[in-house]
Every structure is written in structure tokens, then in C-alpha cells.
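Notes to accompany the following structure.
The values are calculated or read from the model by the stated rules, or taken from the named source; none is laboratory data. Please read all numbers here as calculations on a predicted model, not as lab measurements. Here Cβ is always computed from backbone atoms with ideal geometry, including for glycine, and neighbour counts include all displayed protein chains. The area values use the complete protein model at the heavy-atom level, side chains included, leaving out ligands, DNA and RNA. Shrake-Rupley method; radii C 1.70, N 1.55, O 1.52, S 1.80 Å.
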Amino acid sequence: MSAEECLICQAPLEYLERQEEMECYYCHAKVWSNSRCVNGHYVCDGCHEKIGLRVIRRHCLETQSKNPVAIMQELIRSPHIHMHGPEHHVLVGSALLAAYHNAGGTIDLPQALEEMERRGSQVPGGVCGLWGACGAGVSAGIFVSIITGATPLAGENWGQSNRATARCLEAIGKIGGPRCCKRDSYTALLQTIEYTAELGLAQMEKPEKICCDMSERNNQCIQERCPYYTAGN
């Protein structure tokens, strides 16, 4: 299993201080972006996550698991869920929605997953470093917004969704960078499982321990500094 970088040539990615207009290798859309591979290839978020989002929705509709971490671990085995990428901004919230529903949460799951995909897909790739708000944490906040019916004009549930995101970002930030979409997603899931239970909304399940086996796919893996790192994988 090789490390992932550019989807076209596997070369390392580079991040620019200022956005430049780039053309997507696949759909030829012209998009302003801070990232490209060192050979100049650029893949827009829509093309990067296109098939992966279908995989996420289908699995979340079919699973009976009450454990969003287990749901995520099943999903990331798909070749269409890349090591890093904006599909995680939908994956986190979708795994939470499925587990929440299976744990007795009252939601229309198909409708909720569609809304999660719409909102999560609006969070660009790379925001963890460029905005200071990891998309995995934002996805968790979207989950809470959906299950509580929060809007910009809401009261308590407006606060709940913002506190959910803040709680996830605090935990993600404490571990430190560089980014790892798997590490950040695991952290956001664990924080949100606890927070949802504290709100009295549902008691989802969680594993006693998370052992990540994807270190070799991540050129920036922080290894022993990561709480989920498993030596030898």
C-alpha cells in the first residue's frame, strides 16, 4: 500500500501562500485554489470526492452499526476514499448520522444524509491549515445542526452545533499537525459521541481503542505523536 499524494502522478502536493486559478485535470473547470502537485496537476474537490460520496451514502443507509468509528473504518477501506481529501468533510457527519439513527435517534436518515452531503461538500479541501478549521470538526458541527434542526436564527441548538465544532477543533488542534484526515476524523467522531450523549440525544457506541493501520499511506504521519498510531503498520 503506497502513500497517496497527487491522484494523477503520485507526486507530492504543494500549498501556495496565495490562491491561483487552476484547471481541473478531469473536468477542466477553472477554480481558485492554494494547492496543486509539484508537477502542476490539480484536481477539483468535486472530482476528488465524486465516487467516494456515493460510497459513503450507500454504506450509511445499509449499516446497522451504532458505532460511527466502526462505520468510518469500513468506509475507508474503499479505494474511492482517499487518504486525504474533502470527502472526509461528508464522511464524518454521515457516519455520525447513521450511528445516531441506529442508536435510536429520530431522524429521516436518507434526507439527513443528503443534507449532510450538500453542506459538507461546501467545505473546501485544505481548510484545516488555510482557515484554521478542520473540515472533520466542521462536519461534526453540521451533524449536530442537522439532528437538532439548528439554523442561523435558532437559540440553544445554534449554540450546541457551534460548541460541537469547537470541541472537535480543540481536540484536533491539541494533537497538532501536519494534517491527517484519518486522525482528525477519528478525533472528531470520539468527541461528538461523547457530546451527543451529554446532550441526552442518543448514546452511540465507541471502540475501547482505535488502532490506525494507514501510516504507510501518509507521508506526513506523525507516528508516536498520534493517539491512534500502531507501530509496524
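If the chain between residue 27 and residue 50 were fully stretched, how many nm would it gain, using 0.36 nm times the residue separation less the Cα-Cα distance?
7.1 nm
Can you tell me the accessible area per residue over the stretch 35-152, all protein chains present, probe 1.4 angstrom, in square angstrom?
Heavy-atom SASA per residue in the stretch 35-152 reads 39 Å².
Counting only protein chains, not ligands or nucleic acids, how are 76, 147 ordered by accessible area (probe 1.4 Å), most first?
So the residues, ranked largest to smallest area, are 147, 76.
Can you give me the pair-distance distribution of the stretch 99-201, C-alpha pairs, 10 Å bins, whole percents?
15, 49, 32, 5
Would you grab the residues whose amide H sits under 5 Å from the one on residue 22? Only those 5+ places off in sequence or on another chain, please, with H modelled 1.01 Å from N.
It is 31, 32, 33, by chain and number.
Relative contact order for the chain: what percent, with Cα pairs under 8 Å and sequence separation of 6 or more?
18 percent
Which percent, to the nearest 5, of DSSP beta bridges fully inside the chain are antiparallel?
Restricted to the chain, the bridges split so that about 90 percent are antiparallel.
Need the full-extension length gain, residue 130 to residue 77, defined as separation in residues times 0.36 nm minus the C-alpha distance. One decimal, nm.
Between residue 130 and residue 77, full extension yields 16.3 nm more.
Need one number for the stretch 171-229: average projected area of the convex hull over its C-alpha atoms, nm².
The Cα convex hull of the stretch 171-229, projected and averaged over all directions, gives 4.3 nm².
Please find the FRET efficiency linking residue 19 to residue 154, where r is the Cβ-Cβ separation and R0 is fixed at 45 Å, and quote it to the nearest 0.05.
That gives a FRET efficiency of 0.85.
Using alpha carbons only, how many angstrom separate the centre of the stretch 98-155 from the centre of the stretch 160-206?
First find each Cα centre; the distance between them is then 12 Å.
In square nanometres and to one decimal, what's the mean projected area of the convex hull around the Cα atoms of the stretch 1-113?
With the hull built on Cα positions only, its mean projection is 8.0 nm².
Give me the net charge for the shell around residue 86: Cβ to Cβ below 11 angstrom, other residues only, Lys and Arg +1, Asp and Glu -1.
Local charge sum for residue 86: -2.
So how many Lys-Lys pairs in the chain land under 19 Å Cα to Cα, not counting same-chain pairs under 8 apart?
Final tally of qualifying lysine pairs is 8.
Could you please state how large a percent of the accessible area of the chain is carbon and sulfur, counting protein chains only and using a 1.4 Å probe?
It is 49 percent, rounded to a whole number.
What residue among 36, 57, 118 has the largest mean-square fluctuation in a Gaussian network model of the chain, using Cα springs under 10 Å?
118
Given Cβ point charges of +1 (Lys, Arg) and -1 (Asp, Glu) and nothing else, what value in debye, to the nearest 20, does the dipole of the stretch 110-233 about its Cα centre take?
320 debye
Show that you can apply the helix-only estimate: for the chain, add -39,500 (n - 2.57) for every DSSP H stretch of four or more residues, divide by all residues, and state [θ] at 222 nm to the nearest 500.
Helix-only estimate at 222 nm: -15000 deg cm²/dmol.
In the neighborhood of residue 32, defined by Cβ-to-Cβ distances under 13 Å, what is the net charge if each Lys or Arg adds +1 and each Asp or Glu adds -1?
Taking every other residue near residue 32 into account, the sum is -1.
Quick one: net charge of residue 23's neighbours, Cβ under 13 Å, K/R +1, D/E -1?
With Lys, Arg at +1 and Asp, Glu at -1, the neighbours total 0.
Quote the Stokes-Einstein diffusion coefficient, in whole µm² s⁻¹, for the stretch 1-60, based on the Kirkwood radius over alpha carbon pairs, a temperature of 10 °C and a viscosity of 1.306 mPa s.
So the translational diffusion coefficient is about 127 µm²/s.
If I build a Gaussian network model for the chain, linking alpha-carbon pairs within less than 10 angstrom, which residue out of 86, 68, 207 has the largest mean-square fluctuation?
Highest fluctuation of the listed residues: 207.
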